[in-house]
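Comments concern the structure below.
The values are calculated or read from the model by the stated rules, or taken from the named source; none is laboratory data. Model, not experiment: these values are computed from the prediction. Because the Cβ atoms are built from the backbone with ideal geometry, glycine has one as well, and the counts that use them run over all protein chains shown. Protein only, heavy atoms only, side chains kept; ligands, DNA and RNA dropped before computing areas. Shrake-Rupley method; radii C 1.70, N 1.55, O 1.52, S 1.80 Å.
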Amino acid sequence: MTGTPARTLLLWCPDWPVLAAEIVDGVPATGPVAVLHANRVVACSERARAEGVRRGLRKREAQGRCPQLTVVDYDPGRDARAFEPVVAAVEELVAGVEVIRPGACAVAARGPSRYLGGEEAAAERIIEHVAQSCLVESQVGIADGVFAAGLAARSGRVVPPGGTPEFLAGLPVEALGRSALADLLRRLGVRSLGDFAALPAGDVLARFGFDGALAHRLAAGRDHRPLAVRQPPADLTVTAEQDEPIDRVDVAAFVARALAEQLHERLAGHGLACTRLGIEAVTEHGQELHRVWRHDGLLTAAAIADRVRWQLDGWLSGSSGRTGARPARPTAGIIRLRLIPDGVIAQAGLQAGLWGETGEERERAHRALSRVQGILGPEAVVTAVLGGGRSPADQVRLVPWGDERLPTRPGPAPLPGEPIARPGPAPLSGEPIARPGPAPLPGEPIARPGPAPLSGESIASGGGRAVNAGRPADHSAGGVPPWPGRLPAPAPAVVLPSPLAATVHDAAGEAVVISARLAVSAPPARLVVGTGRPAEIVGWVGPWPVDERWWAPAEARRRARFQVCLADGTALLLAVEAGQWLVEAIYD
């Protein structure tokens, strides 16, 4: 690459990890403070440096030099969050800011220097604005290239155009920020950047590799990396101020439609589409109301207006009917309404269906459910999402309408020829689940309803952990967990929110118990759920053992499951846990 690097203005905040700890955590930066990472000091305050603390010291040595030292753990997330207001303050004066790292940001110097009256005037203006806006001290350096500007910022210098190689020549090799390379260069007798830049480029590449060649270019002042500027996000929020408080739904609907049109036009002007809409309202008494609406497609102007109208209707109508069914009415009328496009995507990213837009029936259902959410809250309408797990309760997650339908646990990959588990016909298929008789011994194949048993599949022996020897290790879903020990298809139709306590007796009236090695004391003959009447068991199969999280005693759970068929045709899923029989689910 040839040519001169672009003039760069770089703002640097000294000891930024220490300042970030003061801004976020309240640690006083005026005292002796050190930020540690991997038990070594990465930044320290001026007071700590006066006591002899330096970067690179171990924690014990730093505390030995300064017994009053306050130690703070290094947190890059904290540093970045605290630096965001500083970047925003710089963007108020100049455009095209690049964040080098938390505590340093750069911008092309040409624009600010021409607009603010020269490079030195621009540097002074930016430093003053950051100090007034964020109460943060900073220094600015201007030179040819980002690397040289960063070194100039440490002394607050403005290097004249073309003077960058001369400025860099007198600096030590440690200024490269590569400790291993700097140590090697010093042992070779190269002590300054000027000495390093004087070496032949081919020899540097052969001896130090590509990273050494890049450092050689930086030492010579040939930093041609363009600034990766960030674009400030466009302000898409629309607000409507009302002279008279709104306390009627029809007036609110009129305002909502005009505001929705304004928001839709602003989004269209940026080529964006809204998928998640935030609605904020402020009453005359200062009460703030907020709700977020999600949509699985394009929010048109009419759709935005509908949702705002529904939400205002829910707020202004107040509670009615059952106590607590709806939130209380606001204490006063609404004087300010804001629409915030909380989720936006490129408009070209949404595609209509194969036969046109979404069906009218689906749209009507979506509008109705969304309106219920606006009145009762987002958690009032939920849908079930199937996922992975060994029990029916683990495989279902209730998701609020409009939220992303993601399972809590990844689901298993179906085996070749195995039907997908879903609520469907009873597992009996016109015949008992299993013949009454002794439980299968360890190692004996399990008789199961629905699909035929897998070859080689057997129940666990000894510790009772679920095994699935017949399932292949490589699944068709690309590494999805197989969930060994899960129930076979079909799944129960009704999963009880809380299992019901039950007792199981044999033909002689004795309680049926399961041993540690999964041996059933006697064939189950009668079932009593709670305080109900006994029901005759005409078919049963099991046990299916599950021993989960056995490595964590506080979270361990061990149980054995049975499927039973009663004389009246009811099929149940039973479980034995800690000697107690439980009814977990019902088959349709």
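Data for the structure
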{"item": "Qualifying position, being surrounded by fewer than 19 Cβ atoms within 10 Å (Cβ to Cβ), under 22 Å from Gly145 (Cα atoms) and not β-branched (Val, Ile, Thr), among Glu120, Glu128, Glu61", "result": "Glu120"}
{"item": "Index of the failed condition, Arg222 passing every other in (1) open to solvent by 80 Å² or more (accessible area, probe 1.4 Å); (2) without any contact (Cβ under 8 Å) to a residue 60 or more places away in the chain", "result": "(2)"}
{"item": "Subset of region 546-562 [of a type in the set (Gly, Ala, Ser) and more than 18 Å from Val513 (Cβ to Cβ)]", "result": "Ala552, Ala554, Ala556"}
{"item": "In region 390-415, the residues that are at pLDDT 70 or above and more than 22 Å from the chain's Cα centre (by Cα)", "result": "Arg390, Ser391, Pro392, Ala393"}
{"item": "Asp235 modelled with pLDDT under 90 and surrounded by 15 or more Cβ atoms within 10 Å (Cβ to Cβ)", "result": "no"}
{"item": "Matching residues in region 327-348 - criterion: being open to solvent by 40 Å² or more (accessible area, probe 1.4 Å), modelled with pLDDT under 80 and closer than 21 Å to Glu284 by Cα", "result": "Pro327, Ala328, Arg329, Thr331"}
{"item": "Check on Ala228, modelled with pLDDT of 80 or more and either open to solvent by 80 Å² or more (accessible area, probe 1.4 Å) or not in a strand (DSSP E or B) (or both)", "result": "no"}
{"item": "Wholly within region 1-116, helices (runs of 4 or more DSSP H) carrying at least 3 residues that are closer than 22 Å to Ser155 by Cα and among the charged types (D, E, K, R)", "result": "46-50"}
{"item": "Leading residue by the ranking (nearest to Val42 (Cα to Cα)) among those in region 122-135 that are free of Cβ contacts under 8 Å to residues at least 60 places away in the same chain and in contact with a helix residue (DSSP H, G or I) (Cβ under 8 Å, 6 or more places away or on another chain)", "result": "Cys134"}
{"item": "Selected residue [at pLDDT 85 or above and either open to solvent by 50 Å² or more (accessible area, probe 1.4 Å) or not in a loop (DSSP other than H, G, I, E, B) (or both)] from Ala554, Ala508, Ala516", "result": "Ala508"}
{"item": "Hits in region 34-46 - residues which are open to solvent by 80 Å² or more (accessible area, probe 1.4 Å) and farther than 14 Å from Arg58 by Cβ", "result": "Glu46"}
{"item": "Residues (loosely packed, with under 15 Cβ neighbours inside 10 Å and either in contact with a His (Cβ under 9 Å, 6 or more places away or on another chain) or assigned to a helix (DSSP H, G or I) (or both)) located in region 175-204", "result": "Ser179, Ala180, Asp183, Arg186, Arg187, Ala201, Gly202, Asp203"}
{"item": "Index of the failed condition, Gly209 passing every other in (1) at negative phi; (2) in a helix (DSSP H, G or I); (3) of a type outside the set (Asp, Glu)", "result": "(1)"}
{"item": "Any hit, region 136-154, residues being free of Cβ contacts under 8 Å to residues at least 40 places away in the same chain and open to solvent by 60 Å² or more (accessible area, probe 1.4 Å)", "result": "no"}
{"item": "Unique residue being at positive phi and either open to solvent by less than 50 Å² (accessible area, probe 1.4 Å) or in contact with a Cys (Cβ under 9 Å, 6 or more places away or on another chain) (or both) when the list is Gly26, Gly31, Gly52", "result": "Gly52"}
{"item": "Residue match in region 303-317 (condition: at pLDDT below 85, surrounded by fewer than 16 Cβ atoms within 10 Å (Cβ to Cβ) and farther than 15 Å from Phe254 by Cα)", "result": "yes"}
